[in-house]
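First the structure, in the form of structure tokens, and then the observations on it.
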Amino acid sequence: MIRPHDLLRSRPEGLFCPGGGFYIDPVRPVERALITHGHADHARAGHGSVLATRETLDIMRIRYGEGFAGAVQEAQLGETLNMNGVRVTFHPAGHVLGSAQISVETGGTRIVASGDYKRSRDPTCAPFEPIRCDVFITEATFALPVFTHPDAAGEVARLLRSLEQFPERTHIVGAYALGKAQRVIALLREADYDDTIYIHGALEKLCTYYEAAGVSLGPLQAATVEQSDAAPPAGAIIIAPPAAIDDRWSRRFSDPLASFASGWMRIRQRARQRGVELPLIISDHADWTELTATIRDTQAAEVWVTHGREEALVRWCEINGLAARPLHLAGYEDEAE
Amino acid sequence: MERFAELLDRLVLTPSRNGKLRLLTDYFASVPDPDRGFGLAGLTGGLDFPAIKPAMLRTLVEERVDPVLFAYSYDYVGDLAETVSLIWPGEAGRADAPALSEVVERLSRTSRSEAPTVMARLLDGLSPSGRFAAIKLATGGLRVGVSARLAKQALASFGDVEVQEIEELWHGLSPPFTALFAWLEDKGPKPENAAKAPFRPVMLSHAVAEADLPAIEPATYAAEWKWDGIRVQATAEDGVRRLYSRTGDDISGAFPDLMEAMDFEGTLDGELLVGDPRERTGTFSDLQQRLNRKTVSRAMLANYPVFIRCYDLLASGARDTRALPYTERRELLESFVRELPPDRFDLSPTVSFRSWQELDEKRCNPPHPVIEGVMLKKKDSPYLPGRPKGPWFKWKRDPFTVDAVLMYAQRGHGKRSSFYSDYTFGVWTGPAEDPTLVPVGKAYFGFTDEELRQIDKYVRDNTVERFGPVRSVRADRSHGLVIEVAFEGLARSSRHKSGIAMRFPRISRLRWDKPTHEADRLETLEAMLPTAMAAASGK
Ligand SMILES: [Zn+2]
Ligand SMILES: [Zn+2]
């Protein structure tokens, strides 16, 4: 059995597999990159070659253009590839469309790099599958016991209730362009909201792509167009990138009400600081309960923690008799949700 | 409980007064008795649970959660109640979650020794948001930007009655307000105000604008000095004595010296001042020694005695005098005050005048430094609740003053660099039902060191956002600090968003007592622009 550190280690470029000669989610251009999902802090342009799921490759193409990498290879979920004697398998991570965990195995040692993940239901992507492993590399975006995400359907119900209560106000929901925006739209459709949903220009291509990939989003329309008669009526729902909700952009609409769909909205001060009137606690990252349950599910004896609040999760592992250490990887954003 | 928790969560993040009103009226309309009444009581500070102490919560949570994980969490969240509500182990929102009325009942019945068990059992049954509301309710820290005044306004809109009707009834009512809601929903008679010595809604004035005076015949108005204290209502009935602020808050507790002297039957409207009316009238800063205090020391009572300078008589014995014209009320007032202890009550003198010119001269040369202008009162007008346009005007003396709301604060320089000492203030503009604040000037002097410390603390406690050395301070219709700003003059300015530039603005005093929605509007300043100035600066 080889030591985990010899199978995967952190380098300034990112998580490196010396045996396989590849990096996972590198933050700088490298010869060979394996990418978990399309969020910008994980999927960067300029690598020699990229191995990722078809959806992740499509998303990178949409964001960076055709020449985003020298060569691309499509990974099939559940199919094992041999890379210089290292067995590599992609498994669904339940984070956004196309998101995957990457299992790396050689000489009887298996490490799973989960990328970003969640366990709660999401109609826009395949659910997370726990993979047994020796070392589990977990994200820690919401790794404090105060983060418990409520049922997302209940949050969407609150949005619809506010719309009933303030029918003259345009509800502008801040949501990250990849994943969260489409999930909020899909949840609204599940809650039988059939009206046109208006979207900010920055969301258009990705929503079109989700539709093409088989995620039905119902009637969508651009929120800002030349002809004023096509403008969203009072009381419409507009989905926009988070930066737009308290911006000039939002002030053109009828009596805008700022909402924000994010796991950070669990903390009142976070909502207050951003001027959010209707916080919706909807997250594409695992909450504390999901993080700790997932660590148990993988039966890993050792946990590497990255991408957020490492110290609390490391503490939890210690209390529960698991070896754990923070994995210091540069370049991931705390706020990436 | 969960509906109340949701209401609190939304109220605290809803800046507009109208939005808050709608949240409240919807809550009253959709939540049954007795929960809605306890909700109302919680919002208006009508519930008190002395057995529950914040320190107890810490102990409870540390028995259940790893202290290191708790410390990381508390450090991140920053608020104890919120941290406890989120970290408390248990499933969210159980089907058997207790109702608000049940929470209130259990909390009020508990003894100090049982309190931890009772509180823990409550928290076990609630969602994180419900736990937060329960903790805030239990420890008396519901700060959601709803004043008692706003809650009364919401009741008035809910029942489609005048807010003055609610104010008049208010002090005779108690949680869960079942009879009040029945009346507001047309399902029962109007509750009789059984309480003795109720609050009677106060009559307020408009600032006089230059255009107003030529249209008025001087002989139809009486004038009185406008004293620089706080407006109060002193009422006594069958041995029950109450001192109310002009928004109906009961402030009796802070003024035992005055209460003791209220040996009469009736209701007086007047100015609360410090001193002895026969010898000495103290300044507003003297009076501030007596404001916002829970306990009053013997030395305080001796050094800063308070008295009322009486303006009006609303009831004499059992007789309601409010419908009488001003002149008749004034005669009754004169004989009423004559019978009262002269160290605690005196009459606000009238100012005789024949022309506006003559009154203006008197206004600019008042006989006493604690006078801030004159009041004009129409001789034939009854005492009307609210702020009717026409019967009463205030005409302040120079320098010009305006009541503005603190919007931003910036760190000072030199020895003040550790304090927020440069203040940007604004006045209301836009539609009356949903106004916004527009900045009209900056001031960085006019306050004492003690006041600087108070404002600095206020700024830190009420910061909404920071940009470098500047903090924006919470300022909306129901929350904020009103400052009286004095200035030498006004000019039109295209550089300022308000269209107005102030000359030598300075803080003339802090109006901790004044609700923000009573701060001045931009129109008041516009009416003071140069043409108006010329007439007023004749001193
Ligand atoms: Zn991600
Ligand atoms: Zn990420």
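For the listed residue pairs B:Lys442/B:Lys514; B:Lys226/B:Lys442; A:Lys205/B:Lys20, the alpha carbons are over 31 angstrom apart in A:Lys205/B:Lys20. Spatially, segment B:386-452 and segment B:122-141 are offset by 37 Å when compared through their Cα centroids. Here segment B:401-537 is treated with +1 on each Lys and Arg Cβ and -1 on each Asp and Glu Cβ, and its dipole about the Cα centre works out to around 600 debye. Close amide-amide hydrogen proximity is noted between A:Ser254 and A:Thr170, each under 5 Å apart and 5 or more residues distant or on a separate chain (H modeled in the peptide plane; Pro and chain starts excluded). The mean number of partner chain beta-carbon atoms within 10 angstrom of a residue's beta-carbon across peptide A:264-275 is 4.
Relative to the longest principal axis of chain A, what angle (0 to 90°, nearest 10) does the C-alpha long axis of helix A:310-319 take? Roughly 60 degrees, rounded to the nearest 10. Put +1 on the Cβ of each Lys and Arg and -1 on the Cβ of each Asp and Glu in the protein assembly as shown; which of A:Gly263, A:Tyr198, B:Ser335 then has its Cα farthest toward the positive end of the dipole? So the residue furthest toward the plus end is B:Ser335.
If you count, for each residue, the other Cβ atoms within 10 Å and average over each peptide, how do A:158-171, B:154-167 line up from highest to lowest?
On the way: A:158-171: 17.0, B:154-167: 18.6.
Final packing ranking: B:154-167, A:158-171.
Looking at segment B:401-537 alone, DSSP beta bridges between its own residues are antiparallel in about 95 percent of cases. Backbone phi angles across segment A:167-181, fed through the Karplus curve with coefficients 6.51, -1.76 and 1.60 (θ = phi - 60°), yield HN-Hα couplings of x, 8, 9, 7, 8, 9, 9, x, 7, 4, 5, 9, x, 5, 4 Hz in residue order; Gly and Pro are listed as x. In segment A:28-76, Rg over Rh equals 0.89, where Rg is the alpha-carbon radius of gyration and Rh the Kirkwood radius from pairwise Cα distances.
Using only the alpha-carbon atoms of segment B:401-537 as identical scatterers, what base-10 log of I(q)/I(0) does the Debye formula give at q = 0.18, 0.20 Å⁻¹? Log10 I(q)/I(0), no solvent term: -1.00, -1.21.
Here chain B is assigned +1 on the Cβ of each Lys and Arg and -1 on the Cβ of each Asp and Glu. Its dipole about the Cα centre then comes out at about 1380 debye.
Determine the shape class of segment A:152-280: with a ≥ b ≥ c the square roots of the Cα gyration tensor eigenvalues, call it rounded for a/c under 1.5, and otherwise prolate if a/b is greater than b/c, oblate otherwise. Verdict is rounded for segment A:152-280. Going from the residue with the fewest nearby Cβ atoms within 10 Å to the one with the most, B:Ser111, B:Ser85 rank B:Ser111, B:Ser85. Rounded to the nearest 10 degrees, the inclination of helix A:54-64 to the longest alpha-carbon principal axis of chain A is 60 degrees. Put simply, the amide H of B:Phe345, placed in the peptide plane, has neighbours under 5 Å in B:Ile308, leaving out anything fewer than 5 places away on its chain. Sorting A:Cys17, A:Cys207 by the number of Cβ atoms found within 10 Å of their own Cβ, with the fewest placed first, yields A:Cys207, A:Cys17.
For segment B:370-456, the list of chymotrypsin sites (Phe, Trp or Tyr not before Pro) that fall in a loop by DSSP and count at most 12 other C-beta atoms within 10 angstrom reads B:Phe445.
Backbone amide hydrogens, once placed in the peptide plane, bring A:Ala75 within less than 5 Å of A:Ala52, A:Thr53, A:Arg54, excluding anything fewer than 5 places away on its chain.
How many partner chain Cβ atoms sit within 10 Å of a residue's Cβ in peptide A:318-325, on average, as a whole number?
Numbers: counts 2, 3, 0, 0, 0, 0, 0, 0.
Partner Cβ neighbours, averaged per residue: 1.
Once you have a ≥ b ≥ c as the square roots of the Cα gyration tensor eigenvalues for the protein assembly as shown, tell me rounded if a/c is under 1.5, and otherwise prolate or oblate according to whether a/b is larger than b/c.
Details: a/c = 2.48, a/b = 2.06, b/c = 1.20.
Cα axes put the protein assembly as shown in the prolate bin.
What separates the Cα centres of segment B:47-66 and segment A:167-233 is a distance of 45 Å. Restriction of the GluC sites (Glu not before Pro) in segment B:1-79 to DSSP coil positions whose beta-carbon has at most 10 other beta-carbons within 10 angstrom yields B:Glu63.
Considering only the protein assembly as shown, what is the antiparallel percent among its DSSP beta bridges, to the nearest 5?
Values: 98 of 145 bridges.
So the antiparallel bridges in the protein assembly as shown amount to around 70 percent.
Look at the dipole of chain B built from charges on Cβ: of B:Val232, B:Ser245, B:Pro366, the Cα furthest out on the positive end belongs to B:Pro366.
Per-residue packing, averaged as other Cβ atoms within 10 Å, sorts the ranges B:112-121, B:231-240 into the order B:231-240, B:112-121, beginning with the highest. Peptide A:142-150 has a mean of 6 when you count, residue by residue, the C-beta atoms of other protein chains within 10 Å of its C-beta. Remark: the protein assembly as shown carries a charge dipole of roughly 1920 debye about the Cα centre, counting +1 on each Lys and Arg Cβ and -1 on each Asp and Glu Cβ.
Restricting to Cα pairs below 8 Å that are 6+ residues apart, what does the relative contact order work out to for chain B? Please round to a whole percent.
Values: 978 pairs, mean separation 64.7, N = 539.
It comes to 12 percent, rounded to a whole number.
Here chain B carries DSSP beta bridges of which approximately 90% are antiparallel, counting only pairs with both residues inside. Each residue of segment A:86-102 was assigned a 3J(HN,Hα) from its phi angle through the Karplus curve 6.51 cos²θ - 1.76 cosθ + 1.60 (θ = phi - 60°); the sequence is 9, 8, 10, 9, 9, 10, x, 10, x, 8, 9, 3, x, 6, 9, 8, 10 Hz, with glycine and proline shown as x.
Quick check on chain A: helices-only [θ] at 222 nm, where DSSP H runs of length 4 and up contribute -39,500 (n - 2.57) each and the sum goes over total residues. Nearest 500, please. It would help to have the intermediate numbers written out before the result.
On the way: 8 runs with 76 residues, N = 337.
The helix-only estimate for chain A comes to -6500 deg cm²/dmol at 222 nm.
Against chain B, whose longest principal axis is taken from its Cα atoms, helix B:128-139 shows a tilt of about 60°.
Classify chain A as rounded, prolate or oblate, taking a ≥ b ≥ c as the square roots of the eigenvalues of its Cα gyration tensor: rounded when a/c is under 1.5, otherwise prolate if a/b is larger than b/c and oblate if not. Write down the numbers at each step before the final one.
Numbers: a/c = 2.30, a/b = 1.63, b/c = 1.42.
It is prolate, given that a/c is not under 1.5 and a/b is the larger ratio.
In order along segment A:16-25, the phi-based Karplus estimate (6.51 cos²θ - 1.76 cosθ + 1.60, θ = phi - 60°) of 3J(HN,Hα) comes to 10, 10, x, x, x, x, 9, 10, 10, 6 Hz; Gly and Pro are listed as x. Dividing the summed -39500 (n - 2.57) terms of all DSSP H runs of n ≥ 4 by the residue count of chain B sets its mean residue ellipticity at 222 nm at -10000 deg cm²/dmol.
Neighbour counting of Cβ atoms within 10 Å sorts the residues B:Met259, B:Met375, fewest neighbours leading, into B:Met259, B:Met375.
Read-outs throughout are calculated quantities, based only on the coordinates presented, and are distinct from any laboratory measurement. As the structure is a prediction and not an experimental result, all values here were calculated from the model. Don't worry about glycine lacking a Cβ; one is built from the backbone with ideal geometry, like all the others, and counts go over all protein chains shown.
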